[in-house]
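Everything below concerns the one structure shown next.
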Amino acid sequence: MRTIYNAVYKIASDSSNPKTVYVANGTYSSSLNGQIFPIPLKSYMNLVGESQDGTILDAEYQSVIIYIPGHSQGFNISHLKLLFGKSGIAVNRSSDH
């Protein structure tokens, strides 16, 4: 996929069929390769970088890097370096959770 955002958008996952998006080493940003931020995480989805120091998500001070809706569950984020976001990970907390 061209961007992490598109990979996450196209993936369908649920509790009986969790999915993982593997991200290769490199720097992912809007100016370098058209990465869209924030990257929304879905329930039962894993976002896994190749290595913590080599897989870099750079929001260039424009956005939150990863967004997690309040109803999300069963997700995992690992081996990523988050740089220059308005915040690294934003979680929407709803009143019923």
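Taking into account only those residues within region 6-20 that are part of a helix (DSSP H, G or I) and of a type outside the set (Phe, Trp, Tyr), which is surrounded by the fewest Cβ atoms within 10 Å (Cβ to Cβ)?
Here is the first cut: in region 6-20, the ones part of a helix (DSSP H, G or I) are 6-10.
If we keep only those that are of a type outside the set (Phe, Trp, Tyr) too, we end up with 6-8, 10.
Working: ASN6: 14, ALA7: 16, VAL8: 20, LYS10: 9.
Taking the candidates together, the pick is LYS10.
Answer yes or no: is there a residue in region 23-39 that is open to solvent by 30 Å² or more (accessible area, probe 1.4 Å), part of a strand (DSSP E or B), out of contact with any Asp or Glu (no Cβ under 9 Å at 6 or more places or on another chain) and of a type outside the set (A, V, I, L, M).
Among the residues of region 23-39, not one is open to solvent by 30 Å² or more (accessible area, probe 1.4 Å), part of a strand (DSSP E or B), out of contact with any Asp or Glu (no Cβ under 9 Å at 6 or more places or on another chain) and of a type outside the set (A, V, I, L, M), which makes the answer no.
Say we look at region 57-97 and pick out the residues that are among the β-branched types (Val, Ile, Thr) and open to solvent by 30 Å² or more (accessible area, probe 1.4 Å); which of these is farthest from the chain's Cα centre (by Cα)? Let's see the steps before the verdict.
Residues of region 57-97 that are among the β-branched types (Val, Ile, Thr), as a first pass: 64-66, 68, 77, 89, 91.
Next, from what is left, pick out any that are open to solvent by 30 Å² or more (accessible area, probe 1.4 Å): 64, 77, 89, 91.
On the way: VAL64: 10, ILE77: 7, ILE89: 9, VAL91: 12 Å.
Filtering first and then ranking leaves VAL91.
Take region 40-56 and flag every residue that is touching a strand residue (DSSP E or B) at 6+ places or on another chain (Cβ under 7 Å) and surrounded by 15 or more Cβ atoms within 10 Å (Cβ to Cβ).
The answer is PRO40, LEU41, TYR44, MET45, ASN46, LEU47, GLY49, THR55, ILE56.
The values are calculated or read from the model by the stated rules, or taken from the named source; none is laboratory data. Just so it is clear, the structure is predicted and the values come from calculations on it, not from any experiment. Backbone-built Cβ (ideal geometry, glycine too); neighbour counts: all protein chains shown. Just the protein is used for accessible areas: all its heavy atoms, side chains included, with ligands, DNA and RNA removed. Shrake-Rupley method; radii C 1.70, N 1.55, O 1.52, S 1.80 Å.
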